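To start, the structure under review is shown below, and the notes come after it.
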Amino acid sequence: MARVLVVAYGNPLRCDDGAARRAAEMLEGKFLPDEVEIVSLHQLGPELAESASQAQCVIFIDAAAGDGQPGQVQVTRMSDGSGEPADPRPFCHALAPASIVGLAIRLYGAHLQAFSVTITGQNFDHGESLSPAVEAALPTLIEHIDELIQECLSKARKS
Amino acid sequence: MKGNTIVIDPVTRIEGHSKITLHLNDDGRVEDARFHVTQFRGFEKLAEGRPFYEMPSLMARICGICPVSHLIASAKACDSLLAVKIPPTADKLRRIFGLAQVTQSHALSLFHLSSPDLLLGMDADPAKSNIFGVAEKNPALALDGIRLRQFGQKIIEQLGGKRIHPAWIVPGGVSEPLTEANRDAILWAIPDALAIAERTLEWFKSTMEGFREEISTFGNFPTMFMGIVKKDNGLTFYDGKLRIVDASGHVVADDLDPTQYFDYIGEKVEPWSYLKSSYYKPKGFPDGIYRVGPLARLNVADRCGTPRADQELAEFHELQRTAVLSSFHYHHARLIEILYCIERLEQLLNDPEILSKHVRAVARPNALEGVGAAEAPRGTLFHHYKIDEQGLIRWVNLIIATGQNNLAMNRSVLQVAKHFVQGKRLNLGMLNRVEAVIRCYDPCLSCSTHASGQMDLQIQLVSPSGEILDEVVRS
């Protein structure tokens with residue numbers, strides 16, 4: 001299992017909601033497969049907890065529909081490996097990143113770092129294209145993810 | 001509570017948006033109950049004008065839980081338009097795909113959606129009735145749920161290239177043969193999946209004694225049951241004849257051709273829901289009420305055709321001397337079907353022809369109308385298409401399992417509400433049970449109304465004058 005698991009999720013048929021999936025495509029081939037695994041999903045299911053438990057670091061990438069400026073990238077540390085992230089949401093069919101990490105810790109005894117990287121979207125209507133602001137911010141998003149991966153790999157190599 | 005109406009809105013741990021209204025009489029007792037489906041998509045209209053060969057992929061988009069079932073029914077309708085007999089290996093591969101789909105969907109329903117009710121009890125705090133509550137109380141059960149669903153999803157991915165919305169099934173067969181490596185990988189995983197199914201079934205049966213009140217009140221009433229069976233009346237998910245039995249277990253209709261469904265299945269639209277209600281035409285509406293899905297399939301089937309599932313089916317049929325009536329037993333039936341699916345997968349994968357490269361028949365349209373029917377996890381699924389001379393879709397009709405269970409779901413909610421709702425206030429145990437009875441059917445509202453969304457529940461308590469007495473919303 002790779003040391004870093006990158007989970008990009010969203011609906012590529014809802015414009016900016018597919019930004020993370022596009023980022024995943026851009027990241028493909030940039031890293032050694034035994035060091036970084038990239039998965040691209042519509043939504044997060046509990047099955048992901050097992051894969052997360054086998055990684056030393058998990059990076060979730062998603063489009064955010066918050067109040068930020070379109071294209072704004074935000075990195076949040078969810079877990080430093082010492083405990084569960086706060087406020088896991090109850091399960092319906094889709095889980096939040098914190099729930100995946102929580103399940104990995106509770107069910108598999110995982111010790112992992114977890115990060116959430118979001119890019120604020122502007123248009124979540126039907127369609128396969130990104131809004132100009134989000135399209136323009138993709139290199140910044142990749143840069144942030146790349147930095148996180150390098151940081152995680154560096155820690156993993158030392159451990 | 002507002003006036004004399006209880007509203008539960010939204011219903012949680014189901015697929016889609018819905019609400020429930022409970023109508024009280026002047027004495028404050030529940031007189032009527034309605035399960036409203038409040039979402040709408042209309043895939044039948046969206047498909048008009050599209051080339052027929054796009055239909056399997058388009059129809060798979062109806063649902064992220066059971067895209068494979070829509071792929072199968074849609075491809076069968078397209079086979080009918082092509083007027084081809086698909087290669088035997090393609091037939092077997094489609095069956096494998098369908099069995100994997102049923103396994104993962106049933107695992108989702110039982111482990112992730114309903115096991116909190118079964119493990120933590122119907123009076124548990126909704127904040128804890130979720131997979132985290134299960135993980136805390138019985139981590140082995142939570143792990144088994146994850147592994148069993150993974151097993152089914154992995155097969156779908158190995159055959160179709162991805163877990164959700166695979167496009168591997170095509171008109172005339174499948175697009176790629178099965179590789180030896182994937183065949184061996186699936187076979188390797190079967191013993192573990194089988195062991196999970198066996199121990200979960202034992203666990204479930206050991207809990208049933210604690211749910212006697214629910215068993216007697218969760219959709220425990222006479223209806224007919226319908227499902228596709230093989231020629232020998234054995235369980236099947238891919239094709240066969242339609243069979244209908246009544247509440248006493250007697251055969252009402254047999255050897256019905258699924259492609260002629262319109263002769264015996266009617267659909268009624270209610271003004272308060274986007275979900276149509278199906279009924280058996282010869283008995284009219286609403287007397288033609290019938291149920292589909294795991295409970296119905298095991299009521300209409302004489303045998304499963306695999307050793308362990310047959311043993312369990314015999315035991316299941318002993319639950320009641322008539323047909324097994326309580327919808328609570330959908331859970332039990334679901335587990336037996338999981339067992340069957342895994343055993344049957346092993347049989348099919350060991351077939352010497354399964355690696356054959358001949359997996360697709362190619363033809364131009366040779367008919368202007370085609371029907372495909374199959375058993376989806378939630379029940380019988382019909383896709384019916386009409387095309388023009390250019391092969392463009394002109395008319396579509398989809399009859400989905402959840403619509404066929406609509407009358408029974410409404411009646412089940414009424415039965416539970418009459419038994420558990422006391423007075424003009426909603427309490428936790430009552431709310432949980434009203435939700436839980438709907439969950440027995442594992443309704444897929446996105447499929448049945450063809451809508452997008454989250455899993456929500458709304459319950460309203462309504463007075464005789466229409467005033468809303470109480471309302472609870474969960475999301």
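The values are calculated or read from the model by the stated rules, or taken from the named source; none is laboratory data. What you see is a predicted model; the values in this text were computed from it and never measured. Positions of Cβ are backbone-derived with ideal geometry, glycine not excepted, and every protein chain shown enters the neighbour counts. The protein model used for the area step is the full one, side chains on, heavy atoms only, and it has no ligands, DNA or RNA in it. Shrake-Rupley method; radii C 1.70, N 1.55, O 1.52, S 1.80 Å.
Assuming 1.567 mPa s and 4 °C, estimate D for segment A:4-158 with Stokes-Einstein, Rh taken as the Kirkwood radius over Cα pairs, in µm²/s.
Roughly 84 µm²/s, to the nearest whole number.
How big, in percent, is the set of alpha carbon pairs in chain B lying more than 28 Å apart?
49 percent
Taking both sides together, what accessible area is buried at the A/B interface, probe 1.4 Å, expressed in Å² and rounded to the nearest 100?
Rounded to the nearest hundred, the buried surface is 1900 Å².
Using only the heavy atoms of the protein chains and a 1.4 Å probe, how would B:Arg183, B:Arg364, B:Arg321 rank by accessible area, largest first?
Correct descending sequence by accessible area is B:Arg321, B:Arg364, B:Arg183.
Once the protein assembly as shown is represented by equal point scatterers at the alpha-carbon sites, with solvent omitted, what log10 I(q)/I(0) does the Debye formula produce at q = 0.06, 0.10 Å⁻¹?
Normalising to I(0) and taking log10 leaves -0.32, -0.93.
Just to verify a number: FRET efficiency for A:Ser154 and B:Leu46, C-beta to C-beta distance, R0 = 56 Å, to 0.05?
0.70
Probe 1.4 Å, all protein chains in place: accessible area of B:Val472 in Å², nearest 10?
Here the accessible area works out near 30 Å².
With heavy atoms of protein chains only and a 1.4 Å probe, what residues of segment A:24-60 have at least 10 Å² less accessible area in the full set of chains than alone?
For segment A:24-60, once contacts with the other chains are taken into account, A:His42, A:Gln43, A:Pro46, A:Glu47, A:Glu50 lose 10 Å² or more.
Please determine, in degrees from 0 to 90 and to the nearest 10, the orientation of helix B:307-317 with respect to the longest principal axis defined by the Cα atoms of chain B, where the helix direction is its Cα long axis.
So the inclination is approximately 30 degrees.
State the percent of C-alpha pairs, over all pairs in segment B:276-392, separated by a distance greater than 16 angstrom.
73 percent
Taking 0.36 nm per intervening residue step and subtracting the Cα-Cα distance, what contour gain separates B:Lys85 from B:Asp192 on full extension?
35.0 nm
Separation between the B:Arg212 and B:Ala314 pseudo-spin-labels, each 7 Å from Cα along Cα→Cβ, expressed in nm?
A separation of 2.8 nm, rounded to one decimal place.
How much of B:Trp395 can a 1.4 Å solvent probe reach, expressed as accessible area in Å² and rounded to 10?
Counting only protein heavy atoms, B:Trp395 exposes about 90 Å² to solvent.
Using the Cα atoms of segment B:24-130 to build a convex hull, what is its mean projected area in square nanometres?
11.2 nm²
Could you work out how far apart the two model spin labels at B:Ser248 and B:Asp27 are, taking each label as a point 7 Å from the Cα in the direction of the beta carbon, and quote it in nm?
So the label points at B:Ser248 and B:Asp27 sit 3.2 nm apart.
Could you check the spin-label model distance between B:Asp232 and B:Lys386? Points 7 Å from the Cα along Cα→Cβ, value in nm.
If labels sit at B:Asp232 and B:Lys386, their model points lie 4.0 nm apart.
Over segment A:4-158, with the other protein chains present, what is the accessible area per residue in square angstrom, probe 1.4 angstrom?
On a per-residue basis, 44 Å².
For chain B, with all protein chains present and a 1.4 Å probe, just round the carbon and sulfur fraction of the accessible area to a whole percent.
49 percent
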